[in-house]
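**Q** Quick one: this structure, given as structure tokens, is what I'll be asking you about.
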Amino acid sequence: MKCTFLMFLFLNCVLVTQAQNKAALENNVVITSQEHKTQVYTNNNEELQINVSPKEVLKFKAAGFVHYSDFGAKGNGKTDDMDVIAATHAFANLHGLLVKADSGATYYIGGKERTAFIQTDTDFGTAAFIIDDTEVENRDASVFTMSSSLKPFKLKTISSLKRNQEKIAVSLPGPCLITVTNSNVKQYIRFGLNQNNGSSQTDIFLADKNGNVDMNAPIIWDFEQITDLTALPIDENLLKITGGHFTTIANKAESKYTYYNRNIAIRRSHVLIEGLQHHIKGEGDQGAPYGGFISIGDCAYVTVKNTILTGHLTYSTIGAAGKPVTMGTYDLSVNRALNVSFLNCSQTNDINDNKYWGILGSNFCKNLLYDSCTLSRFDAHQGVANATIRNSTLGHMGINAIGSGLLTIENSTVNGRSFVNLRSDYGSTWQGELVIRNCVFVPAGGKPISASLISGSYSGQHDFGYTCYMPERITIENLRIDDSKHSDNYQGPSIFTNFNPEMTDSTYQEKFPYIKTNEIILKNITTASKKALRISDNPFMFKDIKVKTN
């Protein structure tokens, strides 16, 4: 019996070492299970070496969880615990164990390049994490990454795709997230102070094992050619990350577009983050911008719930056009992701304080949701297909979007300069419908301003890489406009700003025509100023739009 038990321990040690070496070496981690004590160290190649004694392996597996202190984390707020934190998660990933932070601990994370990959439920609890960005080896290295053990693979048999195509001719191992690129076509060719040459045509969608496309997040472009088509199998179990009080000590780097991504990165599907807090300290006279403390990308079905965030101070630099620009800097970012929800989220600083940049930036997304949030901004840069904001309050940067599908704002208060800003740097385009219902608009947070519901700018002289649209139909029901503070020459709120001051008669020619709104439906619009809602300061541009009032 004794020999049998010893043989079991020996085989278990071998399996632990072999199973982890193959996968974990990709993340610079090697796990062994030798008789000597449990320890974590790095070798001369900066590989993370983890040894867990056979006795402790059995103990942890029987308990079903591990603490950071089990692997030597000090939690005293001074000793750099990052290697131990990464080691704890690597071991937990191998054995499918829950990770728990130690109650009351403060984990200091210095600037060394090391990422903890999380593949099992993690409870940060009441623990604090100090992320020191004052001296960083690699500003692009995330602190935590929620990753998948499932590997992406190429699809090489499909040569083209059509907008709203319902099925692709492949068999898949299960539900997959599909990303498609045509590098021969450029879109989102940015205009203005941050001008650029655009991004390769891209899309992201869901398909089941038979190739059926989820039409709640449809293909939105025609792809005449495909230069890359990749499938990422979707983790169907929910990964839960709870608690944690994180503080970033801000970088003091030169103020230029060298984004810091020392963050929590979500790179797998079906993730819930709940009860997390993020604070920022040490922002001074200069600093490089941040790409988002919670960074969601290349995934689907992600929920951030009951979470408190912080807006970053805004810094300026010289933009691509050679003129000064303020740099976008974010605490939330979402890129190439589907079905992402923010529920009951707020921020530590005043949502109407314009010293701080708007808290969210997103690109290439579908089905974004704010529900019961109090945040300074919602923003879709390079397009969102379908977005909903409800039961929320938006601050000084308001709602900024371009994209397609249905944009719905209901039971919400917006404090931006306009109720919805269709971003002019990407063509002020929304190919679909806009619905505003049961809302309050406080123009510029109550400062004197000429109020407009929908802002944007479009000259018709710049090629953005796609046809630009105004919302085909705009429905506004039960909207109160608090324009009690306004200038003496205020004529009343308008539906549209003056999108093109040069288009005052039919002699103006657009090289790239703007597809205007067909219909506006208005019901129960009230103003504090008692002044009536107008179409625009440029009535000629919008003269053919049908406005229905009930």
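The values are calculated or read from the model by the stated rules, or taken from the named source; none is laboratory data. All values reported here derive from a predicted model rather than from experimental measurement. When we count neighbours, we look across all protein chains shown, and the Cβ atoms used for this are built from the backbone with ideal geometry, even at glycine.
**Q** Of all residues in the stretch 216-239, how many are buried (at least 16 other Cβ atoms within 10 Å of the Cβ), under 24 Å from the mean Cα position of the chain (by Cα) and part of a strand (DSSP E or B)?
**A** Qualifying residue count for the region: 6.
**Q** Can you tell me which of (1) over 21 Å from Gly192 (Cβ atoms); (2) not in a loop (DSSP other than H, G, I, E, B) is the one Asp353 doesn't meet?
**A** (2)
**Q** Might you check whether a residue that is modelled with pLDDT of 95 or more, of a type in the set (A, V, I, L, M, F, W, C) and touching a His at 6+ places or on another chain (Cβ under 6 Å) occurs anywhere in the stretch 330-338?
**A** So far as the stretch 330-338 goes, no, none of its residues is modelled with pLDDT of 95 or more, of a type in the set (A, V, I, L, M, F, W, C) and touching a His at 6+ places or on another chain (Cβ under 6 Å).
**Q** Quick check on my filter: what residues within the stretch 309-324 are buried (at least 16 other Cβ atoms within 10 Å of the Cβ) and in contact with a Leu (Cβ under 8 Å, 6 or more places away or on another chain)?
**A** If the condition is that a residue be buried (at least 16 other Cβ atoms within 10 Å of the Cβ) and in contact with a Leu (Cβ under 8 Å, 6 or more places away or on another chain), then Leu309, Gly319 are the ones that fit.
**Q** Ok, one more. Can you spot a residue in the stretch 435-449 that is within 28 Å of Arg163 (Cβ to Cβ) and either of a type in the set (A, V, I, L, M) or crowded, with 19+ Cβ neighbours inside 10 Å (or both)?
**A** Checking the stretch 435-449: at least one residue is within 28 Å of Arg163 (Cβ to Cβ) and either of a type in the set (A, V, I, L, M) or crowded, with 19+ Cβ neighbours inside 10 Å (or both).
**Q** Also: Could you figure out which of (1) small (Gly, Ala, Ser); (2) more than 24 Å from Ile189 (Cβ to Cβ); (3) in contact with a Pro (Cβ under 8 Å, 6 or more places away or on another chain) isn't true of Gly460?
**A** With (1) small (Gly, Ala, Ser); (2) more than 24 Å from Ile189 (Cβ to Cβ); (3) in contact with a Pro (Cβ under 8 Å, 6 or more places away or on another chain) applied to Gly460, the lone miss is (2).
**Q** When you go through (1) more than 23 Å from Phe191 (Cβ to Cβ); (2) out of contact with any Lys or Arg (no Cβ under 8 Å at 6 or more places or on another chain); (3) surrounded by fewer than 21 Cβ atoms within 10 Å (Cβ to Cβ) one by one for Leu343, which number turns out not to apply?
**A** (2)
**Q** Acidic (Asp, Glu), free of Cβ contacts under 8 Å to residues at least 60 places away in the same chain and either surrounded by fewer than 23 Cβ atoms within 10 Å (Cβ to Cβ) or touching a helix residue (DSSP H, G or I) at 6+ places or on another chain (Cβ under 9 Å) (or both) - does that describe any residue in the stretch 457-472?
**A** Within the stretch 457-472, one or more residues are acidic (Asp, Glu), free of Cβ contacts under 8 Å to residues at least 60 places away in the same chain and either surrounded by fewer than 23 Cβ atoms within 10 Å (Cβ to Cβ) or touching a helix residue (DSSP H, G or I) at 6+ places or on another chain (Cβ under 9 Å) (or both).
**Q** Tell me the strands (runs of 3 or more DSSP E) entirely within the stretch 117-215 that contain at least 1 residues that are more than 23 Å from the chain's Cα centre (by Cα) and in contact (Cβ under 8 Å) with a residue 24 or more places away in the chain.
**A** 122-132, 176-187
**Q** Follow-up. If I filter the stretch 255-310 down to residues being assigned to a strand (DSSP E or B) and basic (Lys, Arg), which single residue comes out as farthest from Asp208 (Cα to Cα)?
**A** Selected residue: Lys281.
**Q** In contact (Cβ under 8 Å) with a residue 24 or more places away in the chain and within 11 Å of the chain's Cα centre (by Cα): does that describe Gly319?
**A** Considered against the rule, which asks whether it is in contact (Cβ under 8 Å) with a residue 24 or more places away in the chain and within 11 Å of the chain's Cα centre (by Cα), Gly319 comes out as no.
**Q** Which of (1) of a type in the set (Val, Ile, Thr); (2) buried (at least 20 other Cβ atoms within 10 Å of the Cβ); (3) over 16 Å from Ala265 (Cβ atoms) does Ile158 not meet, given it meets every other one?
**A** For Ile158, the exception is condition (2).
**Q** If I ask for residues that are among the charged types (D, E, K, R) and part of a strand (DSSP E or B), which ones from the stretch 431-465 would you list?
**A** Glu433, Arg437
**Q** Here's another thing I want to ask about it. Kindly indicate which of Val185, Val170, Val180 is within 24 Å of Arg423 (Cα to Cα) and either in contact with a Leu (Cβ under 7 Å, 6 or more places away or on another chain) or buried (at least 17 other Cβ atoms within 10 Å of the Cβ) (or both).
**A** When all the criteria are applied, what remains is Val185.
**Q** Restricting to the stretch 58-106, count the residues that are part of a helix (DSSP H, G or I) and under 29 Å from the mean Cα position of the chain (by Cα).
**A** The number of residues fulfilling the criteria is 14.
**Q** So the check is Cβ under 9 Å with 6+ separation or different chains; which pairs have a first residue in the stretch 491-519 that's within 18 Å of Ile535 (Cα to Cα) and assigned by TED's automatic domain parsing to the domain that holds Ser424 and a second one that's exposed (fewer than 15 other Cβ atoms within 10 Å of the Cβ) and polar (S, T, N, Q)?
**A** Tyr514/Thr467; Ile515/Thr467
**Q** Assess whether Thr314 counts as being farther than 24 Å from Ala116 by Cβ and touching a Phe, Trp or Tyr at 6+ places or on another chain (Cβ under 7 Å).
**A** For Thr314, the condition - farther than 24 Å from Ala116 by Cβ and touching a Phe, Trp or Tyr at 6+ places or on another chain (Cβ under 7 Å) - is met.
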